[in-house]
Amino acid sequence: MQKLLFLLPFYVIRYEKSREDIEKDPEKLQKLLDEYVTISRRLEESLLENGKEALHRYLVEVIIKIADYIFSDSEKTKKGVDRAMGGEVLELKTDKLINEIRQDVKEEVKAEVKEEVKTETKEKIVICMLKRGKSTLEEIAADTQMPIEQVERIKKEQQL
């Protein structure tokens, strides 16, 4: 039974060819909405009562998302299916979470790269200043805002 539940989101696809008739005929629309109320109730009975809230939420969200796509030209039908399934879902929670994680990682990587570039640039400046030999280690550290120990390490590594 549970494996068949994953086919439910695609149940709405069977209405794709008759969507214009459904949108024009209030009886057909009501029949469609009644079917989705039944689907919603059965999902609740079989999943929520068995502690499978995440699966229930996922299936409802996918069903709504597919219905929104199929009936994209009919706001009335979309809203009806959304209500019948228990509420409007604009974006899957899993998609939203993935996008948030991606954004966080992207910002972290960007900050790390920026810091690396900044450090590498400072090290190149230190090397140039050491090669010129016109500044003391303390002056180089102050000018590059680097710790004196780091300037000394660079001098030692570069054998300057």
Could you sort the peptides 71-80, 101-110, 129-138 by per-residue average Cβ neighbour count (10 Å cutoff), highest mean leading? 71-80, 129-138, 101-110
Using only the alpha-carbon atoms, how far is helix 93-132 inclined from the longest principal axis of the chain? Give it as 0 to 90 degrees, nearest 10. 10
Rounded if a/c under 1.5, otherwise prolate or oblate - region 26-117, Cα gyration tensor axes: oblate
Rounded to the nearest 10 degrees, the helix 26-47 long axis (Cα) sits at an angle to the longest Cα principal axis of the chain of 60
Local charge sum around PRO9 (other residues, Cβ-Cβ under 10 Å, Lys/Arg +1, Asp/Glu -1)? 0
For the cross-link pairs LYS24/LYS52; LYS76/LYS96; LYS118/LYS155, which exceed 29 Å when the distance is taken from alpha carbon to alpha carbon? LYS24/LYS52
For region 1-56, which chymotrypsin sites (Phe, Trp or Tyr not before Pro) are in a loop by DSSP, counting at most 12 other Cβ atoms within 10 Å? PHE6
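What Kirkwood hydrodynamic radius, in Å, does the chain give when the mean of 1/r is taken over all pairs of distinct Cα atoms and then inverted?
Working: mean 1/r = 0.0484 Å⁻¹.
The answer is 20.7 Å.
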Compute the helix-to-body angle for 53-70: its Cα long axis versus the longest principal axis of the chain, expressed 0 to 90° and rounded to tens. 80
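FYI, it's all coordinate maths here, none of it is from the lab. Keep in mind that this is a model prediction, so the values were computed, not measured. Ideal geometry is used to build each Cβ from the backbone, glycine not excepted, and the neighbour counts take in all protein chains shown.
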